[in-house]
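I have placed the structure first, in the form of structure tokens, so that the comments after it can refer back to it.
The values are calculated or read from the model by the stated rules, or taken from the named source; none is laboratory data. Since the model is a prediction, treat every value here as computed from it, not as a measurement. Cβ atoms come from the backbone with ideal geometry, glycine included; neighbour counts cover every protein chain shown.
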Amino acid sequence: MKKESFLKGALISTLCIILSKVLGIIYVIPFHAIIGEKGGALYSYAYTIYNLFLTLSTVGLPLAISKIVSEYNTLDYQDAKKRSYKIAFYFTLSLSIVSSLTLFIFAPIISNLIKGGVSGGNSVSDIVFVLRVASTAIFFSTILSTTRGYLQGHKFISVSSISQIIEQFVRVLVIIFGSYIGIKIFGLKEAVGIAVFGATAGAMVAFIYLRLKMKKTKIDENYITKREETKITNQYLFKKLIKYTIPFVITSVIASIYDTVDTFTIVKGLVKYGNMDVDSAEAVLGVIATWGNKLNMIVTSIASGIVVSLLPNLTSDFVKKNIAGVKEKVIKTFELLLYLVIPMAVGLSTLAIPVWKIFYGNSELGPNVFKVSVFVAVFSSTFINVNVIMQSLNRYKTVFISLISGVLFKAIFNVPLIILFNKIGINPYYASIVATITGFSISIFISLRDLHKTFKINYNVLIKNIIICILSILVVVLLIKIFEIFVPFTNLSRFKSILVVSICALIGAIIYFYLTYKNKVVEEVFGNSILNKIPFLKRGK
């Protein structure tokens, strides 16, 4: 295992996470064909609640342990670092057992809250079944995430990232083959249950891989305990772990609450106030929570990759009081993130019809919802990174204010916006998307303003580069729209849709890169040291 710098680590982890998400998207094609819209809604019920309980069981410990490990590594407190990991591991293990049992036991109550009183579609008993299957994954996923946090704190980014590919690969195999066998032998409920169990299998295999790597590398062996470390008691480490954990868990829980609010309000809200039938309303939820969200993962994987490298590196600079390094990494984070996610989201939105055709076949509702919901990925990605930055810099008060402000807007206005949109003639299913984007925007704005006031971070260059990126993207969109005049996106076969998306994506990416390279945005984002290693990108003196 080798330690990586911030930018190199961010690029490695981002690439691995993208590959992992690509696996997670490719399987959707056969999976959707096997279980259909109704099965997709059932799967989304299980996965949304599973994610919420997983967040509660890990309580932010993976990121907290990464921060502590990075901090003590910087100070060369090896014994304190190792003890912190042990405390975090056993604490997380206990929480995971409690969380798994809670979800298993209270699955009927949760299922009634989701679907009670609404007839048609999936039954309450079906939801109970898949929730109980999902409870088995929590145990292994929690101990896996804690181990990853320990390695990431050491800046061992590659091994941690490879484990994600392994986890996803095993999960996808179980989902595809398991759901196919399940639907043939048993039925829809059992097929979805087997697919949900894929998360358990993937986490088990990935955890075994990490433990073997750690044993082979012999981390923490033959270290000398410093005198200062003898004063750091286990009780102090536990309190510090909890102190670092609380902001991370609040961030994670609130991010999950956005999806949970949709789970509890979209179907009932659209049926009652949006003049939609139950099947259509469940299909909308399926797009927002499952099918469209799978495609959004292409975009959000960028944020996840950057966070893996950002947290330990930013924490290290902050501990060393390297404010110049802090400013540089904050701006670099936003430059790298937005340079990649904005064109990806716009591209997916512009090509929503053929993209949807490739993965899910013909649908009038799917592309219409997805072309707007994909922009949630841009704001959620920024939301994730800005909160990790704030927590790395111990700006906890602002974190709480920003998070609560954003999620309150979402919770309060989700249903009222459905009513409003329906009355003014806008598709009511866009309401929850607008509520989510606005909520994230509120949180992001509050945090960015605090960073500017506290650390004197100047966003002028960042704003200039974003404007250049957006103008470059608009050129690409214009060319795609001209292309669509000659090759209409509607009624394309799946094969033709693949050709159209591939051609537009390739040419669009080249034009976008060329325009931003000419305007020197590329070297602002990636740095001359990387560009100079590529012969045709090396600028002359």
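Residue-wise test of (1) hydroxyl-bearing (Ser, Thr, Tyr); (2) at pLDDT 85 or above; (3) within 16 Å of Arg148 (Cβ to Cβ).
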site	(1), (2), (3)
Gly202	no, yes, yes
Ala206	no, yes, yes
Lys216	no, no, no
Ile232	no, no, no
Phe238	no, yes, no
Thr245	yes, no, yes
Ser252	yes, no, yes
Ala255	no, no, no
### Every residue from region 278-321 that is of a type in the set (S, T, N, Q) and at pLDDT 85 or above
Ser280, Asn296
### Message
Step by step: first the residues of region 315-325, then only those that are of a type in the set (A, V, I, L, M) and touching a residue at least 24 places away in the same chain (Cβ under 8 Å), then the one that is surrounded by the fewest Cβ atoms within 10 Å (Cβ to Cβ). Which residue is that?
### Response
Ile323
### Task
Being farther than 12 Å from Ile143 by Cα and aromatic (Phe, Trp, Tyr) is the filter; apply it to region 194-217 and report the residue that is surrounded by the fewest Cβ atoms within 10 Å (Cβ to Cβ).
Tyr209
### Task
Check Pro312 against each of (1) under 23 Å from Ile444 (Cα atoms); (2) surrounded by fewer than 24 Cβ atoms within 10 Å (Cβ to Cβ) and name the one condition it does not meet.
(2)
### Query
When residues of region 165-193 are filtered for being within 18 Å of Lys294 (Cα to Cα) and either of a type outside the set (Val, Ile, Thr) or touching a strand residue (DSSP E or B) at 6+ places or on another chain (Cβ under 9 Å) (or both), how many remain?
6
### Query
Restricting attention to region 281-321, which residues are aromatic (Phe, Trp, Tyr) and over 23 Å from Gly149 (Cα atoms)?
Trp291
### Query
Of all residues in region 363-375, which are buried (at least 24 other Cβ atoms within 10 Å of the Cβ), within 18 Å of the chain's Cα centre (by Cα) and among the hydrophobic types (A, V, I, L, M, F, W, C)?
Phe370, Val374
### Task
Kindly indicate the residue of region 398-452 that is buried (at least 22 other Cβ atoms within 10 Å of the Cβ) and touching a Lys or Arg at 6+ places or on another chain (Cβ under 7 Å) and also farthest from Gly274 (Cα to Cα) among those meeting that condition.
Gly439
### Task
Give me the pairs, please: first residue somewhere in region 458-478 and in contact (Cβ under 8 Å) with a residue 24 or more places away in the chain, second residue anywhere and not in a helix (DSSP H, G or I), beta-carbon distance under 8 Å, and either six or more positions apart or on two chains.
Ile468/Asn519; Ser472/Asn519
